[in-house]
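Here, each number is a calculation from the coordinates, and none is a lab measurement. These numbers come from a predicted model, not from an experiment. Cβ: placed from backbone, ideal geometry, glycine included. Neighbour counts: every protein chain shown.
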2 protein chains.
Amino acid sequence: MTTRWLTPEEQRAWRAYVAGYLLLEDAIDRQLQQDAGMPHAYYSILANLSETPERRLRMTDLAERLKITRSRLTYAVSRLEKDGLVRREECRWDKRGSIAALTDEGMAVLEDAAPGHVATVRAALFDRLTPEQVGQLEEIFGQVAQGFQGDGEGEAAPEDLPWRRRSSPCSGTS
Amino acid sequence: MTTRWLTPEEQRAWRAYVAGYLLLEDAIDRQLQQDAGMPHAYYSILANLSETPERRLRMTDLAERLKITRSRLTYAVSRLEKDGLVRREECRWDKRGSIAALTDEGMAVLEDAAPGHVATVRAALFDRLTPEQVGQLEEIFGQVAQGFQGDGEGEAAPEDLPWRRRSSPCSGTS
DNA sequence: TAGGTTTGTTTCAAACTTGAACCAAGACCG
DNA sequence: CGGTCTTGGTTCAAGTTTGAAACAAACCTA
């Protein structure tokens with residue numbers, strides 16, 4: 001196939017997007033590193049655990065939610081565990097499984113860090129967007145994320161997406 | 001200040017965005033790593049150099065364009081240089097400066113990799129968006145990026161943005 | 001139930017990123 | 001000039017991420 005290059009509009013959008021998200025991620029990482037001593041991904045782990053009824057989740061589920069690899073999660077959780085913010089528990093129904101549980105200290109750290117994090121996200125992103133744009137942002141990335149979801153389904157991808165990864169259920173509310 | 005938390009709409013948008021860009025970056029990195037043996041950031045270095053009249057740029061300029069730190073760039077360029085895709089030249093007017101120049105081989109590798117890269121970006125992003133959404137994407141991230149730009153200006157940031165980095169001119173077309 | 005496959009997770013080495021520290025070369029100033 | 005501040009880049013150690021390989025427990029299946 002003779003490559004459909006990006007149109008000028010798409011190029012501009014792509015450049016703006018890349019520049020924007022790099023700056024944004026950078027700002028978020030810097031803020032969290034400064035104020036909470038951890039990068040964005042680690043904060044997300046704590047946040048995700050905190051939103052769960054029992055404040056615990058199986059590794060694979062957590063990785064799935066966070067859209068990160070299991071190996072990356074293993075490393076991150078080990079570090080958080082060393083810091084006492086997360087505790088690893090074994091899964092009773094499945095001896096293979098291990099569960100990451102947010103400790104009280106972890107919850108405290110999270111609550112401490114949250115305001116600053118939100119302020120950063122606001123200042124860098126939401127305070128610059130109109131309500132319509134907020135909706136557009138959700139719509140756009142929702143569509144993008146969907147594209148990576150469940151494989152086989154009916155409305156297949158515009159092309160084959162040979163990249164794409166995992167998927168797996170199994171909840172771990174002890 | 002009593003933290004203005006994200007509204008439900010903002011939360012949804014934020015989640016969609018984070019999930020989306022993680023998946024997207026992951027797909028792009030994977031594709032480039034597979035097909036060109038380098039991550040997205042490295043590809044961007046080559047691409048950026050190729051778009052310059054003389055196919056060369058001073059390190060700081062390049063870092064500025066790419067929105068990455070100088071130290072990160074130094075490392076990346078060293079690797080690319082080792083692979084023969086980029087060559088370092090000294091700056092004649094400023095003995096401190098060093099210039100990164102795209103080699104013919106680098107150009108060739110870039111041209112080889114481009115189609116696959118574009119295809120990935122298309123399949124994962126643009127083929128899922130309407131033309132209006134493409135415009136919205138540009139608008140949104142253009143605004144975000146602007147927020148990190150030139151400091152002092154009139155319409156200052158909604159809050160102080162204590163994070164933010166460098167800035168510096170100086171072109172290096174030999 | 002033995003044997004083979006899949007699934008959940010960790011491990012390991014190699015590559016990458018970060019931030020602070022460092023160095024040398026311009027710029028300035030008295 | 002000689003000192004001092006700034007700028008352009010690199011270096012270094014510490015922390016992260018990656019992908020492939022290793023394991024072990026769960027699941028078939030004959």
Unit charges on C-beta of K, R, D, E only; dipole of the protein assembly as shown, Debye: 1220 debye
Rounded, prolate or oblate (a/c below 1.5 giving rounded, otherwise prolate when a/b exceeds b/c) for chain B by Cα gyration tensor: oblate
Column: log10 I(q)/I(0), Debye, Cα scatterers of the protein assembly as shown, q = 0.07, 0.14 Å⁻¹: -0.33, -1.31
Nearest-first distances (nm) between copies at B:PRO131, label 7 Å from Cα via Cβ: 2.9
Per residue convex hull volume, Cα atoms of the stretch A:1-88, in Å³: 138 Å³
Diffusion constant of the stretch B:39-126 at 4 °C, which comes from Stokes-Einstein with the Kirkwood Cα-pair radius and 1.567 mPa s, µm²/s: 97 µm²/s
Sites excluded, trypsin sites (Lys or Arg not before Pro) in DSSP loops with at most 10 other C-beta within 10 Å, longest stretch of chain B: B:1-91
Inter-copy label distances at B:TRP93 (7 Å, Cα→Cβ; nm, one decimal): 6.9
Qualifying lysines (Cα of each under 30 Å from Cα of A:LYS67; at least 8 residues distant if same chain): A:LYS82, A:LYS95, B:LYS67
Chain B residue with Cβ closest to the axis mapping B onto A, distance in whole Å: B:GLN136, 2
Cβ-derived FRET efficiency at R0 25 Å, B:ASP112 paired with A:GLN11, nearest 0.05: 0.80
Sparse-neighbourhood loop sites, chymotrypsin sites (Phe, Trp or Tyr not before Pro) in the stretch A:39-129 - DSSP loop, at most 13 other Cβ within 10 angstrom: A:TRP93
For B:GLU105, label point 7 Å along C-beta direction: distances to other copies, nm: 5.1
